[in-house]
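Quick notes on the structure that follows.
Any read-out appearing in this document is the output of simple, stated calculations on the displayed coordinates, not a laboratory observation. Just so it is clear, the model here is predicted, and its values are computed rather than measured. So basically every Cβ, Gly included, is an ideal-geometry build from the backbone, and we count neighbours across all protein chains shown.
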């Protein structure tokens, strides 16, 4: 069985199948804010979805981070490092990408065990 959450006409924010939660790319709420603010907003959105799935950030299996400007890499990592659970840091990829909205600096996709 597949459970879908926050289903819209284009995408669902999350799907759960066979004990794994798949999150859509999470984006910041405050366009134009600096990378630290936007990263914190995205991580809070991830926390909220993982809570809804009955899991948490210590059970993330994989993270994919898309940033618009590699000059923001250090600032993003500063917020990320304070957020992840020591000893439970997930496999991660970070790439530079042209994001869908020009005022977004970051988008993060995670997959987590439920």
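Sorting the segments 3-15, 21-33 by their mean number of nearby beta carbons within 10 angstrom, highest to lowest, gives 21-33, 3-15.
Counting DSSP beta bridges with both partners in the chain, what percentage is antiparallel, nearest 5?
Antiparallel bridges: around 80 percent, rounded to the nearest 5.
Against the main long axis of the alpha-carbon atoms of the chain, helix 35-53 sits at an angle near 0°. Helix 73-83 and the longest principal axis of the C-alpha atoms of the chain enclose an angle of approximately 40°. Taking the chain as a Gaussian network of alpha-carbon nodes connected by springs under 10 Å, the highest mean-square fluctuation of the residues 92, 36, 59 belongs to 92.
Would you kindly calculate the translational diffusion coefficient of the range 25-72, applying Stokes-Einstein with the Kirkwood radius from alpha carbon pairs, for 25 °C and a viscosity of 0.890 mPa s, and quote it in µm² s⁻¹ without decimals? Present the calculation step by step, with values, prior to reporting the outcome.
Details: Rh = 11.7 Å.
Roughly 209 µm²/s, to the nearest whole number.
Considering all alpha-carbon pairs of the chain, what whole percent are spaced by more than 24 angstrom? The partial results should precede the final answer.
Details: 1409 of 6441 pairs.
The calculated P(r) of the chain puts 22 percent of pairs beyond 24 Å.
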